[in-house]
């Protein structure tokens, strides 16, 4: 009798776990279809530079439908081991894909935050670093940079 009770209990637990899994998958699928494709919150960028030279890693900004802009909030998430990253306010030009809602702003000069990397004069090799960018839309994107220093 005890074995039968134990087997019945295990079957009940298995059914409950299966139901939770199926419900979770259904919820996951329904939320994916409502929100569209899921964007990665991390990107990787590979660049190269001569030792000791300043390299512009990227510019970070937000542009509105009327082409006005804001600077994004940028923080160094992983410092380079053989150089430094400097964040400074810069001017850049809007460049977005032609099929996006802000494409009419292409060519408009705007303020941005630029990330610049400079290696030590005596360093050559591969350097890794990362910045976190808050575009003020509910997602913080991590940009992982791999820089080959020659």
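FYI, it's all coordinate maths here, none of it is from the lab. The shown structure was predicted, so the numbers you read here are calculated from the model rather than taken from an experiment. Don't worry about glycine lacking a Cβ; one is built from the backbone with ideal geometry, like all the others, and counts go over all protein chains shown.
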- For a label point 7 angstrom out from the Cα of residue 82 toward its Cβ, which stretches of the stretch 129-150 have the backbone nitrogen within less than 13 Å? 129, 147-150
- Item | Separation in nanometres of the label points that stand 7 Å from Cα toward Cβ, at residue 140 and residue 123 | 2.4
- Item | Extent along principal axes [Cα atoms of the stretch 42-149; Å; largest to smallest] | 47, 26, 24
- Rounded to the nearest 0.05, what FRET efficiency is calculated for residue 148 and residue 89 with R0 set to 30 Å and r the Cβ-Cβ distance? 0.60
- Item | the stretch 106-150 versus the stretch 61-105: alpha-carbon centroid distance in Å | 10
